[in-house]
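*Asks:* The structure follows.
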Amino acid sequence: MSSAMVSAMLICDEICNKENPYAETFAPSRFSVEEIPKIFKDSGKAVKGVTKRFF
């Protein structure tokens, strides 16, 4: 829900040509192709930790 609200605010500000302090944080270009393996590795660690806690 919070991501939807931020998205709505970003779109509204973009249409109205206003600057939004969260635009850079939520920009799709914040990740590069070189970071994809690290993202998957970190995600795997998170899933492993969660499953370890529950099982």
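*Asks:* If each DSSP helix of 4+ residues adds -39,500 (n - 2.57) and the sum is divided by the residues in the chain, what number results at 222 nm, nearest 500 deg cm²/dmol?
*Replies:* After summing the helix terms and dividing by the residues of the chain, the value is -20000 deg cm²/dmol.
*Asks:* Now, a different point. Give the residue from Val33, Ala46, Met9 lying farthest towards the positive end of the charge dipole for the chain; charges sit on Cβ (+1 for Lys and Arg, -1 for Asp and Glu) and the dipole is referred to the Cα centre.
*Replies:* Highest projection toward the positive end goes to Ala46.
*Asks:* Need the full-extension length gain, Val47 to Phe26, defined as separation in residues times 0.36 nm minus the C-alpha distance. One decimal, nm.
*Replies:* Fully extending the segment from Val47 to Phe26 adds 5.2 nm.
*Asks:* For Ser29, Ser3, give me the order by solvent-accessible area with a 1.4 Å probe, most accessible first, ignoring ligands, DNA and RNA.
*Replies:* If we order Ser29, Ser3 from most to least accessible, we get Ser29, Ser3.
*Asks:* What does the charge dipole of the chain about its Cα centre add up to, to the nearest 20 debye, if the Cβ of each Lys and Arg holds +1 and the Cβ of each Asp and Glu holds -1?
*Replies:* It comes to approximately 620 debye.
The values are calculated or read from the model by the stated rules, or taken from the named source; none is laboratory data. All figures in this text were calculated on a predicted structure; none of them were measured in a lab. As a convention, Cβ positions derive from the backbone with ideal geometry for all residues, glycine included, and neighbour counts pool all protein chains shown. Note: areas computed on protein heavy atoms with side chains; ligands, DNA, RNA excluded. Shrake-Rupley method; radii C 1.70, N 1.55, O 1.52, S 1.80 Å.
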